[in-house]
1. Among Val90, Val95, which is under 30 Å from Ser212 (Cβ atoms), more than 20 Å from the chain's Cα centre (by Cα), modelled with pLDDT under 90 and assigned to a loop (DSSP other than H, G, I, E, B)?
2. If Val253 meets every condition in (1) within 23 Å of Gln45 (Cβ to Cβ); (2) more than 20 Å from the chain's Cα centre (by Cα) apart from one, which number is that one?
3. Which of the residues belonging to the range 37-61 are of a type outside the set (Ser, Thr, Tyr) and either in a loop (DSSP other than H, G, I, E, B) or open to solvent by less than 50 Å² (accessible area, probe 1.4 Å) (or both)?
4. Kindly establish whether Lys68 is closer than 23 Å to Ile274 by Cα, basic (Lys, Arg) and either at pLDDT below 85 or out of contact with any strand residue (DSSP E or B) (no Cβ under 8 Å at 6 or more places or on another chain) (or both).
5. Just name the residue that is most open to solvent (accessible area, probe 1.4 Å) out of those in the range 192-235 that are of a type in the set (Phe, Trp, Tyr) and within 19 Å of the chain's Cα centre (by Cα).
6. Scan the range 122-146 for residues that are in a helix (DSSP H, G or I) and touching a residue at least 24 places away in the same chain (Cβ under 8 Å) and jot them down.
7. Evaluate the following for Leu275: is it open to solvent by less than 30 Å² (accessible area, probe 1.4 Å), at pLDDT 90 or above, within 30 Å of Leu181 (Cβ to Cβ) and not aromatic (Phe, Trp, Tyr)?
8. Whether any residue in the range 255-273 is part of a helix (DSSP H, G or I), among the polar types (S, T, N, Q) and over 22 Å from Leu51 (Cβ atoms) is what I want to check.
Amino acid sequence: MENKSLKGWIYLLPAIAFLGAFLVYPLIDVCIYSVEEGYNSASQQYYGVGLYNFSYILHDPYFLQAVKNTFLLVIITVPVSTGLALLVSVLLSSVTKLRELFQTIYFLPYVTNTLAIGLVFMTLFKKTEYSDGIINLLITFFGGSAVDFIDGPYWAKMTVLCIYTVWIVMPFKILILTSSLASVNKDYYNAAKVDGTSRGRIFLRITLPMISSSIFYLIITGFIGAFKAYSDVVALFGTKLNVAGMNTIVGYVYDMLYGDSGGYPSFASAAALILFVIVLTITVINMISRKRFVYI
C-alpha cells in the first residue's frame, strides 16, 4: 500500500513542481513585494515594511479610474453576453438545416487574433480626417451626429469596449450553451407538450433549470475574464491607456511594472493583490448563490 502511495506522489511530482514554481512561489513573492515600502528595483532594497503601498494605490486616481472601468466592463458585458449567447443558442437549437455551419460562423471570432479584431473595430468606429468610420456613416444616415468613439468622450469609448468584449466572449458561451441544450433529455419536452405547456413555460421551467449549471459556469468565468481584461483595451485604444482614461486593473499593474511609470513592483504587487481579493470575493459570493439558483 505504501509503495502505491509513493508511486502516486512520484507521478504527481512534475505537476506539483510546476505549480510551485509558476503559481505558489510568484504568489508568495507578490505578497512580500506588496508590503515592502520604497522598494528599489535597481538596488533590490527597501526602507520599511507596512501597508503604505496599498494606501498609495487606493488613493491613486489612475488606479481608481482603472477600477471604475473594470467594474463597468464586468457589470455590463457579463450579463449581456450571457443573455445574447443563450438567445443565439436557443435559436441554433431550433435550426435543423446548416446548424453546423452556423455554429462554425459564430465560433470564428473566438479563434481570431484579438488584435486583429481590435483593428477591425477601430476601422468601424474610429473617426479620422479622411473618414468618420462605418458606424458614424450609419448614424448620420439616420439623422444623428458623428461621434469619435475611439478618441472622443468617455461614454463613447466605453460603449465600443463593451461591444468589443461581448463580441469576443460570445462564441465560447454559445458553444457551451449549445452543447448544454443538446444534452437536455427530450422526454421532459415531450411530457410538457402532452400537457399543453406553452413554449415560454417550457423554457422557464425545463430548459433553464437543466442548463443552469452551464450558465453559472459561464457567469463565473465571465466575471474572472472581464476582471483580467487588458489586451482587448490595448487593441482598441493603444498602450497609453491612462491618457485615454480607459485603463483596467491589469493594465495598471502592467504599467507599474513596465509602462512609462514602470519600475514599481511593490505598487504593482499591491494592485494585483487587491484584484485577487476582488475576484475571490465575487467568486465566493457566486459559489454561495449556486445552491439557490443551480438545479443540478
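1. Unique residue meeting the criteria: Val95.
2. (2)
3. Filtering the range 37-61 for residues of a type outside the set (Ser, Thr, Tyr) gives 37-38, 40, 42, 44-45, 48-51, 53-54, 57-61.
The answer is Glu37, Gly38, Ala42, Gln44, Gly48, Gly50, Leu51, Asn53, Phe54, Ile57, Asp60.
4. On the way: closer than 23 Å to Ile274 by Cα: yes; basic (Lys, Arg): yes; either at pLDDT below 85 or out of contact with any strand residue (DSSP E or B) (no Cβ under 8 Å at 6 or more places or on another chain) (or both): yes.
In short, yes.
5. Here the answer is Tyr217.
6. If the condition is that a residue be in a helix (DSSP H, G or I) and touching a residue at least 24 places away in the same chain (Cβ under 8 Å), then Met122, Phe125 are the ones that fit.
7. Numbers: open to solvent by less than 30 Å² (accessible area, probe 1.4 Å): yes; at pLDDT 90 or above: yes; within 30 Å of Leu181 (Cβ to Cβ): no; not aromatic (Phe, Trp, Tyr): yes.
Criteria not met by Leu275.
8. Among the residues of the range 255-273, not one is part of a helix (DSSP H, G or I), among the polar types (S, T, N, Q) and over 22 Å from Leu51 (Cβ atoms), which makes the answer no.
The values are calculated or read from the model by the stated rules, or taken from the named source; none is laboratory data. If you're wondering where the values come from, they're calculated on a predicted model, not measured in any experiment. Note that we place each Cβ from the backbone using ideal geometry, even for glycine, and neighbour counts take in every protein chain shown. Side chains are part of the model used for accessible areas, which takes the heavy atoms of the whole protein and leaves out ligands, DNA and RNA. Shrake-Rupley method; radii C 1.70, N 1.55, O 1.52, S 1.80 Å.
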